[in-house]
Amino acid sequence: MPYIVAIDQGTTSTRAILFDQQGSPVASGQLEHRQIFPQPGWVEHDAAEIWRNTREVIGTALSKADVTRHDIAGIGITNQRETTVVWDRTTGEPIHNAIVWQDTRTQGLVDRLAADGGIDRFTEITGLPLATYFSATKIAWILDNVDGARQRAEAGELMFGTTDCWVLWNLTGGPDGGVHATDVTNASRTLLMDLRTLEWRDDLLEAFGIPRSLMPEIRPSSGLFGHAESSSLLREVPITGVLGDQQAATFGQVAFDAGESKNTYGTGNFLIVNTGEEIVSSTNGLLTTVAYQIDGDAPRYALEGSIAVTGSLVQWLRDNLGLISDASEVEALAASVPDNGGVYIVPAFSGLFAPYWRPDARGVITGLTRFANKGHFARAALEAAAFQTREVLDAANADADVAIEELRVDGGMVANDTLMQFQADILGIPVVRPKVPETTALGAAYAAGLATGVWTSLDDLRANWAEDRRWEPRFDEAERERRLAEWRKAVTRSFDWVDAD
Ligand code: ADP
């Protein structure tokens, strides 16, 4: 019985999940890592801690399932995207904490670059607007702010990678012959890759001041990357799949063809609509990105609506306001009131991503009256995820030719039935949850298993997908529109908060 190990290096934790040939999870290990907030707007991770956790969770998963490396056909890696690690190629030591995708410290650099050509200066080539979100300005910040980093980079002593690349390099030996590579989906989130050629662009590297010697090799998502090194529990097992988390979830939801889509509710929300071999540019605030590439085949592209804050708003209610002690308690608190009582929370903690792209926005709570209580806050927090999703879905429908008729969902928040019902109500289309909710890890396992013959075709994978639950919309059109209009009004209240200095 061949198994696949999927390593899911996420924003809040690292997981290893062992999947069987039916795509069912058999055993897993999970460890959270520290979220480091040195200043408002700054978010860092300790990359060394992430690698230690990765090794430990692999051990946990293998021992729980009582299997050894001989039972494992391949390893897939999926990861929080854009988060930037720069390390010394000889010692393997990161030269700074990883700068996380939510971090906004590079807004000044973004503004300076945008002054010459606007935020869409590189969109035609990369599919992305200029924003702090993507890796390029984070790399530049490290080179400019760590003592001696620029000289060391120019001398070829440093390596850059997103966390897939960091895990891959360490797993394959680190300073001792580690493979310095990433996949097309992760590379497409840096602002440095050409979507058409799938190569780094010298003019972009130059614009951001990044020496080419830092950059990993770009490879297809499903294909051989290397083998786990000799001291690893997974010694000699091939690593044959790498996908950024959102693309992995799309793969795990078997949305392989043009027109198929998925929406993931995690720290943030990410809607992906597959556009097949066609590169579609958005006129409605969506990103163009690589969906996946199977070795030897053409790349598949996608439109993406990224929302920075959804599940992390629930964490904020828990950690910063102390309204709940566990994320799952938000549902009961929300259910203590019949509706939001007129309260809207726009969680523009690091500006607004799709479809607005407003770095000047900051969070607001609107509609407060003496009547509002913590139940309304809980409900407004859940509704914020649903309203933001409605707005990116509208953008996707406007950009793509075919309207999305039902929404396949996954991620930590989809355990919340109240949210899922409200999501269907506010979208006006059914919301569908699959049997295996771990679609991100599953997608990485699928990419790895396809390359090693555990599965022989995409149809094998399609046959594994099964529906768990479906929510039908209940609001009439007038009710839906009334609530949306209030939400949109609340969104405008978040604009123009941060001054351009
Ligand atoms: P990520 O992969 O981005 O770390 P997950 O998919 O694990 O995220 O989802 C975790 C997020 O889901 C957290 O932000 C948490 O606040 C939120 N969450 C978890 N359970 C619930 C729940 N029952 N209701 C609402 N939100 C939840």
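Using per-residue counts of other Cβ atoms within 10 Å, averaged over each peptide, order 104-117, 187-200 from highest down.
187-200, 104-117
Can you tell me the length gained on complete extension of the stretch Ser231 to Ala485, counting 0.36 nm per residue apart and subtracting the Cα distance?
85.6 nm
With the other protein chains left in place, how much accessible area per residue, in square angstrom, belongs to segment 126-242 at a 1.4 angstrom probe?
Dividing the accessible area of segment 126-242 by its residue count gives 31 Å².
Using alpha-carbon positions, what is the distance between the centroids of segment 389-465 and segment 235-294, in Å?
10
Rounded if a/c is under 1.5, else prolate if a/b beats b/c, else oblate: with a ≥ b ≥ c from the C-alpha gyration tensor eigenvalues square-rooted, which is segment 305-348?
oblate
Order of 308-317, 82-91, 141-150 by packing, highest average Cβ count within 10 Å first?
Peptide ranking by packing, descending: 308-317, 82-91, 141-150.
Of the peptides 155-166, 231-242, how do they stack up when ordered by the mean number of other Cβ atoms within 10 Å, highest first?
Result, highest mean Cβ count within 10 Å first: 155-166, 231-242.
Positive end of the charge dipole of segment 194-297 (Lys, Arg +1 and Asp, Glu -1 on Cβ, about the Cα centre): tell me which of Thr264, Leu198, Pro238 has its Cα farthest that way.
Thr264
Given a 1.4 angstrom probe, I'd like the percentage of the accessible area of segment 113-237 that is carbon and sulfur, rounded to a whole number.
45
For a label point 7 Å from the Cα of Thr369 along Cα→C-beta, name the residues of segment 475-492 whose backbone N is under 13 Å from it.
none
Using the Cα centre of segment 33-131 as origin and beta-carbon charges of +1 (Lys, Arg) and -1 (Asp, Glu), tell me which of Pro40, Gly74, Ala61 is placed farthest towards the positive end of the dipole.
So the residue furthest toward the plus end is Ala61.
Starting from 0.36 nm per residue, how many nanometres of slack lie between Asp176 and Glu49 once their C-alpha separation is accounted for?
43.8 nm is the gain from fully extending Asp176 to Glu49.
Taking 0.36 nm per intervening residue step and subtracting the Cα-Cα distance, what contour gain separates Ala415 from Asp66 on full extension?
122.8 nm
Determine, from the Cβ-Cβ distance of Ile36 and Asn397 and an R0 of 41 Å, the FRET efficiency 1/(1 + (r/R0)^6), rounded to the nearest 0.05.
It comes to 0.60.
How about segment 345-415: which chymotrypsin sites (Phe, Trp or Tyr not before Pro) there are in a DSSP loop, with at most 11 other Cβ atoms within 10 Å of their Cβ?
Passing both the DSSP loop test and the Cβ count: Phe371.
Using a basic spin-label model with each label point 7 Å from the Cα along Cα→Cβ, how many nm lie between Asp120 and Glu406?
Rounded to a tenth, the inter-label distance reads 3.6 nm.
If you place +1 on the Cβ of every Lys and Arg and -1 on the Cβ of every Asp and Glu, how big does the dipole about the Cα centre of segment 230-304 come out, in debye to the nearest 20?
240
With a cut-off of at most 12 other beta carbons within 10 Å, and DSSP calling the residue loop, which trypsin sites (Lys or Arg not before Pro) in segment 332-405 qualify? Please list them.
Loop-located and lightly packed - Arg370.
Averaging over every viewing direction, what projected area does the convex hull of the Cα atoms of the chain cover, in nm²?
21.8
The values are calculated or read from the model by the stated rules, or taken from the named source; none is laboratory data. Everything quoted here is computed from the prediction, not taken from an experiment. Neighbour counts run over all protein chains shown; Cβ positions are idealised from the backbone, glycine included. Just the protein is used for accessible areas: all its heavy atoms, side chains included, with ligands, DNA and RNA removed. Shrake-Rupley method; radii C 1.70, N 1.55, O 1.52, S 1.80 Å.
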